[in-house]
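Input: a single structure, listed below in structure tokens.
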Amino acid sequence: MSPGLYIAQQIINGVSLGSLYALVAIGLSLVFGILRMTNFAHGDMMMVGAFGALTLGAAGVPFELALLGGIAIGALTGVIVERVAYRPVRGAADVTLLLTSLAVTYILENLGILLFTSSPHDFPIPEWLDSSYEFSDGQITFTQVNVLTVVLTGISLSLLGWFVTRTDMGLGMRAAAEDMQAANLVGLDVNKLIVVAFALASGFAGLAGVLWAAQAGVVEPSMGFTPLLKAFVAAIIGGFGSIAGALLGGYLLGALEVFIVAFLPSELSPYRDAIVFSLLIAFLLFRPYGLLRTTREVKL
């Protein structure tokens, strides 16, 4: 394979992986932008969405509707978690919110184990999705799942951009991200805005979970842990709390991971996660506000 075609193949792989990281990172940033809290239970919304789609598929629901169902189930779970677990401790010390999110993580994962066991479950996809495209005599290949991932990510991000810039609710969320107390004083229903933020964030995670399971072919209760950590790194790279930063960080991280495996010596490939988290430490030390932020101010 020529160098140009090989690089093109890796770019395709990086865009597909980066799309998944971007979906999860944007959800993290939405919640952090308003509440200034890191929701470590966010990765479990991926698991909830994936298992929701798997359950609907097993009941005979077409994949397209099962995917939408996974998004809806993820969003609903996020709203319930916010109402039951996070709202009662809102305004408490940061460590309280952190410990609460960790507790929710373990509760959701153990519920997943209780309902579905800890063993990986096959995630079947329809025939139209289980196909690939080949170019240059098979030297460049991408699957239908890759295409679906990139397309749905693009559509979702476009709708989110329209929502936060063109609707009253979205503008209210941006106002709350600037100053929650001031937003409350001018008559905005902050509780409602936070619920919408959790619904959107968890819906994005649910979509990412279904697409992740479709690419991996399996779903398990702990599936959201590693993507959450990677999305956290992506959000830090771009600027934690910034939607645009999460998008940029997700694609940069996806490209970095793919290029580590593709271009560095094979002996280093097993250490790609270590390299990624070393990058996190470097950003925290030298660029703590990320690439798209210069101050502590958080803007959606």
### Task
Select from the range 38-61 the residues that are under 12 Å from the mean Cα position of the chain (by Cα) and buried (at least 24 other Cβ atoms within 10 Å of the Cβ) and list them in ascending order.
N39, A41, H42, G43, D44, M45, M46, M47, G49
### Query
Restricting to the range 161-205, what's the tally of residues that are exposed (fewer than 15 other Cβ atoms within 10 Å of the Cβ), of a type in the set (G, A, S) and in a helix (DSSP H, G or I)?
2
### Task
Determine which single condition L35 fails, assuming it passes every other condition in (1) without any contact (Cβ under 8 Å) to a residue 60 or more places away in the chain; (2) among the aliphatic types (A, V, I, L, M); (3) in contact with a Lys or Arg (Cβ under 9 Å, 6 or more places away or on another chain).
(1)
#### Entry: Exclusive hit being assigned to a helix (DSSP H, G or I), closer than 16 Å to G49 by Cα and either β-branched (V, I, T) or touching a Cys at 6+ places or on another chain (Cβ under 7 Å) (or both), set V79, V84, V95
V79
### Task
Inspect all residues belonging to the range 39-56 and state whether any of them is free of Cβ contacts under 8 Å to residues at least 24 places away in the same chain and in contact with a Gly (Cβ under 9 Å, 6 or more places away or on another chain).
yes
### Query
Given the residues Y86, Y106, which is the only one that is of a type outside the set (V, I, T), out of contact with any strand residue (DSSP E or B) (no Cβ under 9 Å at 6 or more places or on another chain) and farther than 27 Å from G217 by Cα?
Y86
### Task
Hey, could you check the range 161-216 for residues that are among the polar types (S, T, N, Q) and in contact (Cβ under 8 Å) with a residue 60 or more places away in the chain and say which is farthest from E64 (Cα to Cα)?
N191
### Task
Run down E134, E127 and say which single residue is assigned to a loop (DSSP other than H, G, I, E, B), more than 22 Å from G49 (Cβ to Cβ) and of a type outside the set (A, V, I, L, M, F, W, C).
E127
### Task
Could you please let me know if A59 is of a type in the set (A, V, I, L, M, F, W, C) and without any contact (Cβ under 8 Å) to a residue 40 or more places away in the chain?
yes
### Task
Tally the residues that are buried (at least 24 other Cβ atoms within 10 Å of the Cβ), among the polar types (S, T, N, Q) and part of a helix (DSSP H, G or I), restricting the search to the range 206-242.
0
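Read-outs throughout are calculated quantities, based only on the coordinates presented, and are distinct from any laboratory measurement. Predicted model, so just to flag it, every value in this text is computed and none were measured. Cβ sites come from the backbone with ideal geometry, for glycine too, and all protein chains shown count toward neighbours.
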